[in-house]
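Note sheet for the following structure.
The values are calculated or read from the model by the stated rules, or taken from the named source; none is laboratory data. On a predicted model such as this, the values are computed, not experimentally measured, just so you know. FYI the Cβ positions are ideal-geometry reconstructions off the backbone, even for glycines, and counts take in every protein chain you see.
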Amino acid sequence: MPTPERLARMRAVLERRQRDLRVVIEHVRDPHNASAILRSCDALGVHSVHLLYTDQPSPEISRAVSSSSHQWLDIRRHSDPQELVDTLHAEGIPLYVTRRDEGARVLVDVDFTGPAAVVFGNEHRGCSEEVAAVADGAIWIPMVGMVESFNVSVSAAIVLAEAYRQRAAAGMLAPHWDPWRARIFEDWRAREG
């Protein structure tokens, strides 16, 4: 049975969860990277994570790296990019890939105060052409050093921190309670025993 303090902590976390900010992990192979992304999602208020793996199963999540954050997230698995996009669009959520393409927008110029799902792709190839073709836009993180990319889990943390910053500045992180959060709270409470 969870203590009153534990229940209060669970409620406080849910009051700030962002229902319309999603993360998509596409073909990330290293379980440590996928686990670190999940940890950043939980830490920065993202509740729903979509795993897109078309050619093999998603990696095992490392409890040590994720700090067991995966148990507090809604993780959905997909094997078809179009089905993923259709699912997000049905919920009114546009999809953005992280890659420096023609027309890609610099991270700080992207408005994260509205619904958004951001795709973080494979460590070596990035987001697939297949997903980029059906995305609503592309985002890139400016860099000034000799390296040409960040580790995928670092990219996720940077993007999510910017989304958090924008939403906090817009007053979107004020505690909020609604039936969606109440349902998740009951699920968490039941799981805690």
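Quick grid of which residues meet (1) without any contact (Cβ under 8 Å) to a residue 12 or more places away in the chain; (2) within 17 Å of VAL106 (Cβ to Cβ):
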{"position": "ASN122", "(1), (2)": "no, no"}
{"position": "ASP136", "(1), (2)": "no, yes"}
{"position": "VAL144", "(1), (2)": "yes, yes"}
{"position": "GLU148", "(1), (2)": "yes, yes"}
{"position": "VAL152", "(1), (2)": "no, no"}
{"position": "SER155", "(1), (2)": "no, yes"}
query: Can you find a residue in the stretch 45-53 that is buried (at least 16 other Cβ atoms within 10 Å of the Cβ), over 24 Å from ARG167 (Cβ atoms) and either at pLDDT below 95 or hydroxyl-bearing (Ser, Thr, Tyr) (or both)?
result: yes
task: Tell me, please, whether a residue that is exposed (fewer than 15 other Cβ atoms within 10 Å of the Cβ), at pLDDT below 95 and not acidic (Asp, Glu) can be found in the stretch 113-131.
output: yes
message: I'd like the full set of residues that are surrounded by fewer than 18 Cβ atoms within 10 Å (Cβ to Cβ), of a type in the set (Phe, Trp, Tyr) and modelled with pLDDT of 95 or more, limited to the stretch 141-187.
response: TRP177, TRP180, PHE185
message: Looking only at residues that are charged (D, E, K, R) and exposed (fewer than 12 other Cβ atoms within 10 Å of the Cβ) in the stretch 87-111, which one is nearest to ARG22 (Cα to Cα)?
response: ASP111
- prompt: Which one is nearest to TRP140 (Cα to Cα) among residues in the stretch 115-128 that are small (Gly, Ala, Ser) and in a loop (DSSP other than H, G, I, E, B)?
  reply: GLY121
task: Tell me, yes or no, whether the stretch 90-100 has at least one residue that is under 21 Å from ASP42 (Cα atoms), β-branched (Val, Ile, Thr), out of contact with any helix residue (DSSP H, G or I) (no Cβ under 8 Å at 6 or more places or on another chain) and touching a residue at least 24 places away in the same chain (Cβ under 8 Å).
output: yes
